[in-house]
């Protein structure tokens with residue numbers, strides 16, 4: 001299985017020596033659950049060209065980003081067009097955070113800055129019936145770092161999971177193989193910790209940063225989410 005990670009950003013240079021790139025984070029997270037996959041990456045936000053032939057890869061995964069999907073960046077519209085081409089070709093695609101949002105926007109949904117502000121740190125999510133089929137029925141705990149969210153679902157999307165600040169925290173699509181989540185299963189607590197220390201009181205309100213920092217010691221369901229993503233790719237690549 002050839003899996004292409006579409007990088008919509010890279011961490012600020014100060015964080016890369018300790019934490020690497022987003023593509024590296026995703027490979028470290030997903031590879032143990034999907035050992036048959038080989039990973040490639042395209043730095044879309046850095047100007048790398050999207051494949052002229054989407055069938056070059058068996059499946060795709062779109063990363064997070066500091067950018068908002070509604071912002072005027074010259075690489076976002078081509079990425080959305082590419083996602084629609086993947087849909088037309090029935091090529092499996094998954095997304096996380098920005099990836100979750102840009103998929104929804106490309107497929108006809110709405111993304112806005114949340115009136116609730118930043119969603120940060122370790123958070124619990126409740127599963128819908130559709131989500132229970134994907135992840136199992138128990139509440140799911142993962143790390144968040146975002147202030148945008150999907151406010152109107154695209155046609156054909158069903159909600160997988162939610163919590164009060166993120167009611168549309170995960171989606172699965174009918175009619176083509178696509179799945180996405182708002183939280184960050186690829187992040188480790190150490191990376192979130194370093195982000196919060198760097199941004200508290202400036203980009204991130206101090207009180208929210210301190211609350212998020214205090215949440216980071218709890219257990220996470222990153223491996224559980226990796227198994228679900230691996231099964232999504234495994235099941236749908238066989239069909240393409």
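Here are the numbers for this structure:
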quantity: Residues located in segment 42-58, provided they are over 13 Å from residue 82 (Cβ atoms) and surrounded by fewer than 18 Cβ atoms within 10 Å (Cβ to Cβ); calculated: 46, 47
quantity: Single condition residue 127 does not satisfy, out of (1) surrounded by 15 or more Cβ atoms within 10 Å (Cβ to Cβ); (2) over 29 Å from residue 35 (Cβ atoms); (3) without any contact (Cβ under 8 Å) to a residue 60 or more places away in the chain; calculated: (2)
quantity: Single residue of segment 25-38 satisfying the filter (crowded, with 18+ Cβ neighbours inside 10 Å and under 18 Å from the mean Cα position of the chain (by Cα)) that is nearest to residue 81 (Cα to Cα); calculated: 26
quantity: Residue under evaluation residue 154, criteria (1) crowded, with 18+ Cβ neighbours inside 10 Å; (2) in contact with a helix residue (DSSP H, G or I) (Cβ under 6 Å, 6 or more places away or on another chain), criterion not met; calculated: (1)
quantity: Residue in segment 100-110 that is free of Cβ contacts under 8 Å to residues at least 12 places away in the same chain and in contact with a strand residue (DSSP E or B) (Cβ under 9 Å, 6 or more places away or on another chain) present; calculated: no
quantity: Helices (runs of 4 or more DSSP H) contained in segment 140-240 and holding at least 2 residues more than 14 Å from the chain's Cα centre (by Cα) and closer than 20 Å to residue 31 by Cβ; calculated: 189-199, 222-237
quantity: Residue among 74, 55, 48 that alone is over 16 Å from the mean Cα position of the chain (by Cα) and under 29 Å from residue 224 (Cα atoms); calculated: 55
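Bear in mind these aren't lab numbers, they're just calculated from the coordinates by the rules spelled out. Not measured: the values here are computed from a predicted model. Neighbour counts run over all protein chains shown; Cβ positions are idealised from the backbone, glycine included.
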